[in-house]
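Take a look at the structure set out below.
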Amino acid sequence: MSLDVRPKSAPAPRRRRVLAHARLELVMLLRNGEQLLLTVVLPLGLLIGLTLTDIIDVGGTTRADRLAIVVPSMVALAVLSTSFTALAIQTGFERRYGVLRRIGTTPLTRSDVLVGKSLAVLAIETAQVLVLGGVGAAMGWRPDAIGLLLMVPLVLLGSAALAALALLLAGVVRAEATLALANLAYLVLASAGVVIPVDKAPERLQPLLDLLPSAALAESLRIATVDGSVDGYLVAVLVVWAGLAIAGVSRWFRWE
Amino acid sequence: MSDDAPTPASLPALAVTGLVKRYGERVVVDSLDLSAAQGAVTAVLGPNGAGKTTTLEICEGLRSADSGDVRVLGRPPRDLTLRARVGVMLQEGGVYGSVSVAEALTHAAALYRSPQRVGDLIAVLGLTDVATVPSRRLSGGQRQRLGVALAIVGRPELVFLDEPTAGLDPQSRRAVWELIATLRDSGVAVVLTTHYLEEAENLADHVVIMDHGRTLASGHPRDLVSSVASQTLRFTADAGLDLHGLAERLPPGSTTVEASPGTYVVTSPHLSDAMGHVSAWCVSLGIHPTSLSSEQRTLEDVFLDLTGEELRP
């Protein structure tokens, strides 16, 4: 067999490039068993466990009360696992293995890469929210209707802040350190205001916990789905985190 | 990106003038000049640390130069329009570990408007049996071939291949050589680095030998072999012959030496003349050589002459 290698070089349209990259990122995220455990199995297990048992006091006395707290908490946990931990680890190893470097010689631009990654993350988060919301609804979760709509911009904002933090981490430190730090941060952030609501933490710590992006996301989702309202302070916390992290990424992210 | 006029045939595919690159105090590329024609294979040779990969990476837009001028298809290396027109194979890495050969090539092909058919590329490079294997499980040679495939999947005008046949078995090496020859014959400019002098001698239209960041010699391999170094004549006879008479007969630039007792080595830029003079000298003195042979020097001899024989880290 012979190839026709006569030059015929032109980039594909941007839409095709971005979708191809999003598809590949999605495949890689889904193929990673450890990350699937973090993104799907753990939030789902905690949703069921924290609702049916009182091993951890998350608040609420009835199953409906507990579901009202636990479901949005698990959505926040799912966003944390996908937007932050999984994205940081994958991007860190892409740098480590020179993938981003090689991509820098192809028609895939940096913005194509970032949009592709974002689409992959959002696709997984959509599936996570549907699974968690579906299981929650089957168990009796009855969120506020407006709150359900409010979840969309809140998840997008929280995801942007956490994803930017993930890229900042992965783009600055070595892949091995990214792996360790992303997992450590996941454990700390998950327990600090996400799985266990902020109002269950010691009173002195509560103002500090509200400043964490993951806790701000979880708390704002709980308020939205229960009251159908938006807490301006928590949204401001997320906006500031997103702004700072995006500025940090554009200033310090190293592609190789 | 897509509406670029092709590079006029008179322009080189790659033109590097006075390129300088430093890492801290260390000068890695030192006033380097380099040119690669369209539709030709240019091989950049040099010992480890000569500055080959740094030079290539500057031309690929991956590193910035401290000074000098680099033109790739007539444009600065970081011009975004070049990304579709230039194919790059890095010396190592660059492929997602969890992604299979077919997935990696399908992803790369989707970035170009008229890419190679992935299946054909896989078959030509002998990767069919490992098409579904994650790249982290490939052997070094298979990974090299995947790197070559990724570099040409977009049907580029210019391809940079950094040690494309390193670690390949003879069959795979031959397949890559054939592919490079096909690229050249189809009008693609190929710039490659290699440690295999035989590869450069057989494949390249133009060879650049560099060391310490500088060009030491460049030209067609045949011209380099004939111009840079003399050819060698070796004969054996009685030990301890007085060679002064022979030296006087030989063409200018020739040398004579008794390399070991009874073994004489004559180097000369005009080997056929030298052979006649040696024969005549032997007859005139009644010497009966027990052997007389000429040695055609190779590119490797030229390379070692220019870069020395000491080991490099």
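Brief remarks follow.
Each row is one residue, and each column tells you yes or no for (1) under 30 Å from B:Ala108 (Cβ atoms); (2) assigned to a helix (DSSP H, G or I); (3) among the aliphatic types (A, V, I, L, M).
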| position | (1), (2), (3) |
| --- | --- |
| A:Gly133 | no, yes, no |
| A:Ala137 | no, yes, yes |
| A:Arg142 | no, no, no |
| A:Leu162 | yes, yes, yes |
| A:Tyr186 | no, yes, no |
| A:Val195 | no, no, yes |
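- Enumeration of residues in segment B:25-56 that are of a type outside the set (A, V, I, L, M, F, W, C) and not in a loop (DSSP other than H, G, I, E, B): B:Arg26, B:Asp30, B:Ser31, B:Asp33, B:Ser35, B:Thr42, B:Lys52, B:Thr53, B:Thr54, B:Thr55
- Helices (runs of 4 or more DSSP H) contained in segment A:1-82 and holding at least 2 residues modelled with pLDDT of 90 or more: A:14-31, A:42-52, A:63-79
- In segment A:58-110, the residues that are within 14 Å of another protein chain (Cβ to nearest Cβ) and under 16 Å from A:Ala190 (Cβ atoms): A:Ala86, A:Ile89
- Segment B:243-274 - residue that is among the aliphatic types (A, V, I, L, M), within 32 Å of the chain's Cα centre (by Cα) and not in a strand (DSSP E or B) and, of those, farthest from B:Gln231 (Cα to Cα): B:Ala274
- Set B:Arg145, B:Arg136: member being within 12 Å of chain A (Cβ to nearest Cβ) and modelled with pLDDT under 95: B:Arg136
- Checklist (1) at pLDDT 90 or above; (2) farther than 30 Å from B:Leu127 by Cβ; (3) part of a helix (DSSP H, G or I) applied to B:Val208, failing item: (3)
- Filtered residues of segment A:107-128 (kept if surrounded by fewer than 21 Cβ atoms within 10 Å (Cβ to Cβ) and over 16 Å from A:Leu167 (Cβ atoms)): A:Ala123, A:Thr126, A:Ala127
- Per the listing B:Pro47, B:Pro77, B:Pro12, the residue uniquely more than 25 Å from B:Leu304 (Cβ to Cβ), buried (at least 18 other Cβ atoms within 10 Å of the Cβ) and away from chain A (no Cβ under 12 Å) is B:Pro12.
- Residue within segment B:279-292 that is touching a residue at least 24 places away in the same chain (Cβ under 8 Å), polar (S, T, N, Q), surrounded by fewer than 17 Cβ atoms within 10 Å (Cβ to Cβ) and touching a Leu at 6+ places or on another chain (Cβ under 9 Å) present: no
- Considering segment A:140-154, and only residues there that are of a type in the set (A, V, I, L, M) and over 20 Å from A:Thr39 (Cβ atoms), the residue that is surrounded by the most Cβ atoms within 10 Å (Cβ to Cβ) turns out to be A:Leu150.
- Subset of segment B:114-132 that is among the polar types (S, T, N, Q) and under 18 Å from B:Ser98 (Cα atoms) - its residue that is farthest from the other protein chains (Cβ to nearest Cβ): B:Thr132
- Meets criteria (closer than 22 Å to A:Ser220 by Cβ, surrounded by fewer than 23 Cβ atoms within 10 Å (Cβ to Cβ), of a type in the set (Gly, Ala, Ser) and more than 14 Å from chain B (Cβ to nearest Cβ)) for A:Gly45: no
- Test: residue in segment A:82-90 that is closer than 30 Å to B:Asp79 by Cβ, buried (at least 23 other Cβ atoms within 10 Å of the Cβ) and not basic (Lys, Arg): yes
The values are calculated or read from the model by the stated rules, or taken from the named source; none is laboratory data. Because the structure is a prediction, the values reported are computed rather than measured. Using ideal geometry, Cβ is built from the backbone for each residue, glycine included, and neighbour counts are taken over all protein chains shown.
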